[in-house]
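Read through the structure below, which is laid out as structure tokens, and then see the notes.
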Amino acid sequence: LPDGDGMALCGQIRSTRPDLPVILLTARTEEIDRIAGLSAGADDYVVKPFSPRELVLRIQSVLRRCARPSPTEVRVLSDGDVLIDTGSRTATRAGADLRLTAREFDLLAYFLEHPDQALGRDELLREVWEWNFGDKSTVTVHVRRLREKVETDPADPRRLVTGWGVGYRWVTG
């Protein structure tokens, strides 16, 4: 960008429109840059040069995730004080809006649909991102950001726990 940084812009967008899909297209190729982009709130991170076909598929994937479900698919999922409504795509904790990104919402919904199950990063990439390949650190970053929103103490998670060597698990309370 001629007058700023894309990651800073992504953070600004997220602060006012957490539901807006964001894909970063960048020349920054290092893992630290990808992690920073995803931490800033991007739903996907595509490095230049990229295949136009791959970009179209990634856009379609993000848009599918953001599409409103049909009335027959609308569900309310909850565990303790965490509640999500798939129809309005809203999530609350103790009555307060969680302001989740589209990907964070989908990840939380998947965890709530599969409580107390160990879910590996490969499975989460496949089921939540609809990717058969990709950087697994994407999942790690999104889980960390989700923990910051659903945990009382993200450094000592009680709901969204790590199963070392396995993946993550939503512990019902």
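For the reader, a short list of remarks on this structure follows.
- Using distinct alpha-carbon pairs, which all enter the 1/r mean, Kirkwood radius of the chain in Å: 16.7
- Charged side chains reduced to their Cβ positions (Lys and Arg at +1, Asp and Glu at -1) give segment 1-67 a dipole of some 280 debye around its Cα centre.
- Folded to 0 to 90 degrees: helix 52-66 orientation relative to the chain principal axis, Cα: 30
- Pairwise centroid distance, computed over Cα atoms, of segment 141-166 with segment 18-64, Å: 23
- Accessible area of GLU113 in the full protein assembly, 1.4 Å probe (Å², nearest 10): 70
- Extension gain for the segment ASP19 to THR172, taken as residue separation times 0.36 nm less the Cα-Cα distance, is 52.5 nm to one decimal.
- Candidates ALA118, ALA27, ALA42, ranked by Gaussian network fluctuation over the chain, Cα under 10 Å, top entry: ALA27
- CYS10 accessible area, 1.4 Å probe, all protein chains in place, Å² to nearest 10: 0
- Compared with the dominant Cα axis of the chain, that is its longest principal axis, helix 137-150 is turned about 50°.
- Selected from ALA8, ALA40, VAL56, residue furthest toward positive end of dipole (the chain; charges at beta carbon): VAL56
- Relative to the longest principal axis of the Cα atoms of the chain, helix 6-16 runs at roughly 40 degrees.
- The chymotrypsin sites (Phe, Trp or Tyr not before Pro) of segment 56-163 that meet both conditions, a loop assignment by DSSP and at most 12 other Cβ atoms within 10 Å of the site Cβ, are PHE133.
- Here the contact order of segment 86-173, divided by its residue count and restricted to Cα pairs under 8 Å and six or more residues apart, works out to 30 percent.
- Selection from LEU112, TRP131, PRO154 lying farthest towards where the dipole of segment 96-158 points positive, charges on Cβ: PRO154
The values are calculated or read from the model by the stated rules, or taken from the named source; none is laboratory data. The model shown is predicted, which means the values in this text are computed figures rather than measured ones. Ideal geometry is used to build each Cβ from the backbone, glycine not excepted, and the neighbour counts take in all protein chains shown. In case anyone asks, the SASA skips ligands and DNA or RNA and just uses the protein heavy atoms, side chains included. Shrake-Rupley method; radii C 1.70, N 1.55, O 1.52, S 1.80 Å.
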